[in-house]
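Report on the structure given below.
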Amino acid sequence: MKFEVLTWCAAISIALVLAMASSVRASDDTFTVKVGDLEVSMLSEAQREGGTDILIGASDADVREFIPNGSYPSAVAVYLVRSGDDVILIDTGFGTNVESNMRALGTSPEKVRGLLITHSHGDHIGGLLSDGKPAFSNARVYVSKPEYDWSSAMRESLDKYGGAVNLINPGRLGDGAELIPGVRAIAAYGHTPGHTMFMLESNGERLLIWGDLTHAMAIQMPRPGVSVRYDSNPDQAAEVRKSVLEYVSENKIPVAGMHVAHPGIGTVVPDEGNPGGYRFEPMAD
Ligand SMILES: [Zn+2]
């Protein structure tokens, strides 16, 4: 009963905030922010609840504390980056809603010039092909060499893109050459052997699109050492997560994630009184 009342209160306050917000919210399927001159949009493939059975290294006490109802908000999303006529897409999701979400924002798959891939799991590359052909017919594709070498499924799909595939060697946080203007690829190996994040920068503003650095924000923010069954190397994934969270919170760099629930974009701040833990503050609509 208490939970129901709280939920209702939350729903009412969210409704009030939305009513007061001056920005236009097209639908729950997209969420757009400005990063300097860039317009970055979260395109939702799915919003859903995740289960505790995927967690690795979470104590029973932590699960009770951070996931008291047995599930937590999760999502599958891709990110669209626009600057004038330049259109970049980061991941393809399953390929279910990407095209309709793009059209709702006034663009389309054939306008994508750069397609950046974080890694080779199906919820990220499922939309590479449409009827066996490249779904993004004018795009150059950028993918890390270790990921390409690791995943035969991805190589098969990318074969259809022929010479448009660029194999890259991601740099380190705060380092690395520009892949295309305003975009740097950053190694975050662990979730998969070639898992890559993308740092966007324009007019002194930055946004880190961190791919699958997290899957269960409810517990992986306060306890970054918790990994998930989808991580190829759970220990390496945990170490990378800790160092990235430290870096973005110290440098106050907003972040976006493929499994972060709507709006998908926000900031990471240290969790006072919980050393080594963080809180995620979603960006307001
Ligand atoms: Zn994923």
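Structural remarks
- Selected residue (criterion: nearest to SER41 (Cα to Cα)) from residues of segment 181-237 that are within 14 Å of the ligand (Cβ to nearest atom), assigned to a loop (DSSP other than H, G, I, E, B) and among the β-branched types (Val, Ile, Thr): THR214
- Hits in segment 128-149 - residues which are within 21 Å of the chain's Cα centre (by Cα) and farther than 18 Å from GLY114 by Cβ: PRO146
- Residue within segment 118-128 that is charged (D, E, K, R) and buried (at least 20 other Cβ atoms within 10 Å of the Cβ) present: yes
- Scanning segment 97-117 turns up no residue that is more than 12 Å from LEU43 (Cα to Cα), away from the ligand (no atom under 14 Å from the Cβ), among the charged types (D, E, K, R) and assigned to a strand (DSSP E or B).
To keep it simple, each residue is scored yes or no on (1) at pLDDT below 95; (2) under 14 Å from the mean Cα position of the chain (by Cα).
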position	(1), (2)
ASP28	yes, no
GLY50	no, no
VAL81	no, yes
ASP85	yes, no
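- Screening GLU178 against (1) touching a residue at least 40 places away in the same chain (Cβ under 8 Å); (2) under 25 Å from SER83 (Cα atoms) leaves a single unmet condition, (1).
- In the set (1) assigned to a loop (DSSP other than H, G, I, E, B); (2) more than 19 Å from SER41 (Cα to Cα), ARG64 fails one condition alone, (1).
- Considering only residues in segment 120-151 that are more than 16 Å from the ligand (Cβ to nearest atom) and in a loop (DSSP other than H, G, I, E, B), the one that is farthest from ALA46 (Cα to Cα) turns out to be ASN138.
- Among residues of segment 43-57 that are in a helix (DSSP H, G or I), none has a beta-carbon under 9 Å from a residue that is at pLDDT below 95 at least six positions away or on a different chain.
- Within segment 196-218, being more than 24 Å from ARG279 (Cβ to Cβ), touching a strand residue (DSSP E or B) at 6+ places or on another chain (Cβ under 8 Å) and not polar (S, T, N, Q) holds for one residue alone: GLU201.
- Unique residue being more than 16 Å from the ligand (Cβ to nearest atom) and either within 18 Å of TRP210 (Cβ to Cβ) or modelled with pLDDT of 95 or more (or both) when the list is GLU65, GLU45: GLU65
- Here segment 114-142 is the region considered, the condition is being among the hydrophobic types (A, V, I, L, M, F, W, C) and touching a residue at least 40 places away in the same chain (Cβ under 8 Å), and the residue that is nearest to HIS259 (Cα to Cα) is ILE117.
The values are calculated or read from the model by the stated rules, or taken from the named source; none is laboratory data. Computed from a prediction, not measured in an experiment: that's the story for all the values here. A quick note on method: Cβ atoms are made from the backbone with ideal geometry, for glycine too, and the neighbour counts reach across all protein chains shown.
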